[in-house]
Structure formats: C-alpha cells, structure tokens
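Beneath this line is the structure, given in structure tokens, with notes to follow.
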C-alpha cells in the first residue's frame, strides 16, 4: 500500500521570508506560519493554542514567496513533512519542516495587490 505525506495549513507568517542558496546555486526560501486552533473547554470557556510550522520553498516558488510574502500575511501552504537529522554537542537532533509545493496568499493588502497562487513542480521542491 502506498504512503501519503501531505500537509495543508492556513495561517499567518510569523516572520519575513529568508532566501538562501545551496552550494550548487539552488535557491530556497524559509519562513514560519502560525496556526491558531480554537475550541470550548470542558468548563465552557473559549480556549486557543497556536502551533508554529517551519516552511521551506524551492525554485520558482521560493522566488515568489520572497517577492510577495511578509510577516503577518495570511497564507495557504500545501506540501509534505520532512525531518532533518543533525549532530550538536554530541547529541542527535531532529528538525521537522514542511517542504511546500503550493502557496496561496489569502489576504489582500490593497486593491492593487491581487490574490496570488503559486505551485512548484515536483523536481524543484527540495534539494535532498
């Protein structure tokens, strides 16, 4: 049976996108998205919790994110989970992120700022 690794998020950017390049010259952009969940507690009082997700985009999608996104923007992000493993101070550490394949801006800053939807082809979606 085939596996499925797909994530869909709607939330607000927690910081401006940061663009970097790999040693081979491939462009990637990272940013964080905050997703707030709301519910009623057992006492009937409203509760909320915010989850933060690290997002990584590659290729043309990375360029679009760098150009159009900024802290506070409401976005839809679709992609897959990826966990990096690294050593620090003799300990194995893990860092989970979303490798985005699609992004859509859901808010508009002004009338001249159209809603934007962008996708990345599968081969541009990650370095490794």
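Brief remarks follow.
- For the stretch 7-123, alpha-carbon Rg over 2.2 N^0.38 Å: 1.21
- The stretch 8-55, relative contact order in percent, only Cα pairs under 8 angstrom and at least six apart counted: 32 percent
- The packing ranking of peptides 26-37, 82-93, highest mean first, is 26-37, 82-93, where packing means the average number of other beta carbon atoms within 10 angstrom of each residue.
- Near-label residues of the stretch 43-63 by backbone N, under 20 Å of a point 7 Å along Cα→Cβ of residue 104: 55-58, 60-63
- Short-range pairs are left out: with C-alpha atoms under 8 Å and at least six residues apart, the relative contact order of the stretch 7-123 is 26 percent.
- A straight line joining the Cα centroids of the stretch 72-86 and the stretch 4-64 runs 5 Å.
- The length gained by stretching the chain between residue 37 and residue 7 to full extension, at 0.36 nm per residue less their Cα-Cα distance, is 9.2 nm.
Any read-out appearing in this document is the output of simple, stated calculations on the displayed coordinates, not a laboratory observation. Source: prediction; values computed, not measured. Positions of Cβ are backbone-derived with ideal geometry, glycine not excepted, and every protein chain shown enters the neighbour counts.
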